[in-house]
1. Kindly flag which residue pairs out of K41/K126; K9/K178; K48/K178; K41/K87; K59/K126 have an alpha-carbon separation exceeding 28 Å in this structure.
2. Let me know the charge dipole size of the range 16-57 about its Cα centre in debye, to the nearest 20, where only the beta-carbon of Lys, Arg (+1) and Asp, Glu (-1) is charged.
3. For the pair S175/T137, report the inter-label distance in nm, with labels modelled 7 Å from Cα in the Cβ direction.
Amino acid sequence: MLSNIDISKITVFGVESFKGCTSLGENETLDLDLDTISLGKNAFYGTKYEGITFHETTKHDLWAADGTNPHVSSMSYLQYLDYSDTKQTVAASRFYCNSLTTLVYPETVTSVHYQIGSRDTGTSIKYIILLSNSVPTYGYNSTWAFYNGGSGCAFYVPDSMYNSYVSTWTSVPSSRIKPLSELPVGVWKTGLYQ
């Protein structure tokens, strides 16, 4: 049973490369440079990685038209996905990862997919961090939006843009939009996800 591997030496991750490696990545995180690797669909399916941080200097196509990220799915232990060091322009979130609590999107985001924070993201999602200093368009759909209801799923946005997000995203309850300064300690860049 594969439980440890030096990911830094791999440049091509095929479709479901590590499917069935249920001990791989326990208590570990992944740092993936999209400029130097090829990432296949569900490459880490079923592994125990707790977090993935993506990096890129050139924008790569990560999202399918329905808002799914075909590269990250069914990772039962995954707690966060950090895209802050990427050039992504769409914040989408259909991952089917039930322990996922935190999503971080870069300042380049111009559009937020209507299913973000929905049941397909994972019922445990609490923190959607948007670093964009321009309010992205939000494809609101009442059937999908905020499926988690009382779970506390919220958007955390730059403090300087908080009022702009609230006044622009009128379909999102204002209680679900918070300034980044209110993000609980340990969620992102301060300990747990540093």
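1. Those over the limit are K9/K178; K48/K178.
2. The dipole of the range 16-57 has a size of about 280 debye.
3. 3.0 nm
Every number in this text was worked out from the coordinates using simple rules, so none of it is lab data. Just so we're clear, the structure is a prediction, and the values are computed from it rather than from any experiment. Every residue, glycine among them, receives a Cβ derived from its backbone with ideal geometry; neighbour counts consider all protein chains shown.
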